[in-house]
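Comments concern the structure below.
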Amino acid sequence: MGKTLYLECYSGISGDMTVGALLDLGAREEALRAALEALPLNGYEITIGRTKKCGIDACDFDVILEEEAHDHAHDEAHVHEHDHEAEHCHDGEGHVHEHIHGEESHEHQEHFHDGEAHEHSHEHLHEDSAEHSEHCHSAEGHSHDHEHSHEHTHSDHAPADHCHDHSHDHPHTHGPEAHDHHHDHVHRHYADIMHMLDEAPLKQEVRALAKKIFRIVGEAESRVHACPLEEVHFHETGAVDSIVDIVGAAACAVDLGITETYVSTIYEGQGHVWCQHGRIPVPAPAVAGIAAAEELDLAITNVSGEMVTPTGAAIAAALRTKKGLPKTFVIRKIGMGAGKKDFPHANLLRAMIIEPAMNGLPAGNAVEEPTRSVNADGDSQKNGSSAQKKSSSDETEDEIWVLETNLDDCTGEMMGLTMELLLAAGARDVNYTPIYMKKNRPACKLEVLCKEEKVSALEEVIFHQTTAIGLRKRKEVRRILPRKKETVMTPYGEVELKICTSAGETYIYPEYDSIRGLVQETGRSYQEIYQKAVEEAWKKRKND
Ligand SMILES: O=C([S-])c1cc(C(=O)S)c[n+]([C@@H]2O[C@H](COP(=O)(O)O)[C@@H](O)[C@H]2O)c1
Ligand code: NI
């Protein structure tokens, strides 16, 4: 049976946080490495270690590019500390700033100028092969001189995020973009990446999931840059570390046997981040585009910086199969994946393997209040609520849904567990009836009673946990006696009971669980405690 993953993105999500969290959940390093070795990529190595974020231990997954002889952060952005706090923007008044590139292959491209005509002069002294390309000017009459001298030092966290391209390991030709100079880095187009994944000897599920993730990023980029999907060229996302993150996340999820995923609200910071396009807002356009297209829940916090990357958002969207985390669930395992930046909060992605709660009250059952009546299934309802109408006497009518299916190829184990899960997920009652079906098959009819709001969730449990491929459902009117809960004291302890009335008669029914507990505590018989409880309840009524 597949596992259910819950991604709790209270500090956003990025590719390496996801791989770290899934490894911490138990995904095997061999499975991750096998998937990565299937790719025609080189010039990098991965490291898997431990780190602490605000004192919390987490798995630290990193991709080290050979070309980087420095401590490079591969998290949300390729983060560089740089020595100017002034914003590196080209949409304001004339300004001068200095950057000094001290690394190989850093390039500035796609400087978007969206301000009014302005003049500024700033210098870039790239001490390496840095180049500028794709300067997109949306304002007229604009002149500037790009001779930036700027200095980047790589660090795990930076006051201003500055991402740049790297890992260009094969030449390419550009699509239709006006582009009149050469540069030797790789922009992998969407089609290149799909081709690479199709050709690589990956497990089928890993390939499919990785392609899905890339498709989500590609479609967002396509919309953001108004470029056909096939011609989208990936920058950061096409770089080795992002491919490793995406294929790695897919390999880990498949290795864990994840079949269902819930994704929490994804918390994002605010401000700006540097990337090849220039200085872009947080959430990054691709992140916002993915969130919009995939209906991810986003929440903007007052944290300054980027917590969600396009890769992270796309992984969350691709993995998510379910909305609406169950109200109650049991956590079977927790995995922590560390982000590279330091925020005032612990920059972690928490991944959990969860199961619907097996014990306790089913989700949606309210805690009893003595002033409320209790319906036939023991849950509380306000008298006179719209969900129920009083009949001429003191009986009450309401509606209940019945889900039914005949199971002729389920094991007893599957059926037993299904019953537990249905009850835990909010079924009012579940029963099996032995039947004799077509083709001489002894079988069982599963019947589930529930309220309307639980119908679809319970259908999912049936389809997910049994071999059923269809079910019957109907809404029925039911008549229920008014009842309320009481407790009485017996010589063996306190007993809960239901007091029901109909046509002037009173019926007293001690609660099974209450009696059962006292049987275990005292060793007395069920019948003895039951009778004593009824007796005490009648005495109490006479005294009241
Ligand atoms: O490189 C590209 S195409 C790119 C586009 C965008 C848009 O929102 S458009 C944003 N970024 C930034 O790059 C880094 C790395 O992201 P990964 O998903 O590749 O890890 C991140 O800061 C993005 O906001 C890049
Ligand atoms: Ni280019």
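The values are calculated or read from the model by the stated rules, or taken from the named source; none is laboratory data. A quick note: this is a predicted structure, and the numbers were derived from the prediction, not measured. A quick note on method: Cβ atoms are made from the backbone with ideal geometry, for glycine too, and the neighbour counts reach across all protein chains shown.
Of note:
- Only one entry of 522, 466 meets the criterion of being surrounded by 15 or more Cβ atoms within 10 Å (Cβ to Cβ) and of a type outside the set (A, V, I, L, M), and that entry is 466.
- Against the numbered list (1) at pLDDT 95 or above; (2) within 16 Å of ligand 2 (Cβ to nearest atom), residue 247 comes up short only at (2).
- Some residue of the range 22-39 being in contact with a His (Cβ under 9 Å, 6 or more places away or on another chain), aliphatic (A, V, I, L, M), over 10 Å from residue 337 (Cβ atoms) and surrounded by 21 or more Cβ atoms within 10 Å (Cβ to Cβ): no
- Hey, residue 512 farther than 26 Å from residue 397 by Cα and of a type outside the set (Val, Ile, Thr) or not: no
- Boolean, residue 455 is touching a residue at least 40 places away in the same chain (Cβ under 8 Å), in contact with a Phe, Trp or Tyr (Cβ under 7 Å, 6 or more places away or on another chain) and not basic (Lys, Arg): yes
Here's the yes/no breakdown for (1) in contact (Cβ under 8 Å) with a residue 12 or more places away in the chain; (2) within 16 Å of ligand 2 (Cβ to nearest atom):
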position	(1), (2)
223	yes, no
226	no, no
231	yes, yes
239	yes, yes
242	yes, yes
251	yes, no
256	yes, no
260	yes, no
